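Taking it in order: structure first as structure tokens, then the write-up.
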Amino acid sequence: MEEKEFVLLTTTGEPYEAELIQGLLADHQIECTIINKRDSEFFFGDVELHVAATDLEAAQTILRQRDSE
């Protein structure tokens with residue numbers, strides 16, 4: 001099985017927004033991994049969303065369409 005290279009798609013300060021984006025991408029059959037880099041005590045930092053390098057362009061298009069609505 002070939003290992004996928006994952007790249008950073010976007011970051012957000014809100015974990016719930018990352019979950020919404022992950023669900024949106026899943027609706028388009030794009031696998032998305034969330035990496036939570038927020039401090040759990042002081043609640044600062046970002047949440048990163050990563051997608052396969054081969055899906056990056058499609059994922060960016062989906063996010064642009066979402067933001068323009």
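The values are calculated or read from the model by the stated rules, or taken from the named source; none is laboratory data. These numbers come from a predicted model, not from an experiment. Neighbour counts are summed over all protein chains in view; Cβ atoms, including those assigned to glycine, are modelled from backbone coordinates with ideal geometry. Areas reflect the complete protein model, heavy atoms only, side chains present, ligands, DNA and RNA absent. Shrake-Rupley method; radii C 1.70, N 1.55, O 1.52, S 1.80 Å.
Assorted remarks:
- Restricting attention to region 38-55, the residues being open to solvent by 60 Å² or more (accessible area, probe 1.4 Å) and either aromatic (F, W, Y) or closer than 23 Å to E3 by Cβ (or both) number 4.
- Q65 meets all of the listed conditions (1) exposed (fewer than 13 other Cβ atoms within 10 Å of the Cβ); (2) assigned to a loop (DSSP other than H, G, I, E, B) but one, namely (2).
- Single residue of region 1-20 satisfying the filter (of a type in the set (A, V, I, L, M) and within 8 Å of the chain's Cα centre (by Cα)) that is surrounded by the fewest Cβ atoms within 10 Å (Cβ to Cβ): L8
- Total residues in region 21-37 satisfying the condition of being over 18 Å from K4 (Cα atoms), open to solvent by 50 Å² or more (accessible area, probe 1.4 Å) and under 12 Å from the mean Cα position of the chain (by Cα): the figure is 1.
Table: residues versus (1) modelled with pLDDT of 95 or more; (2) touching a helix residue (DSSP H, G or I) at 6+ places or on another chain (Cβ under 7 Å).
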residue: A26; (1), (2): yes, no
residue: F43; (1), (2): no, no
residue: L49; (1), (2): yes, yes
residue: A53; (1), (2): yes, no
residue: Q60; (1), (2): yes, no
residue: R66; (1), (2): no, yes
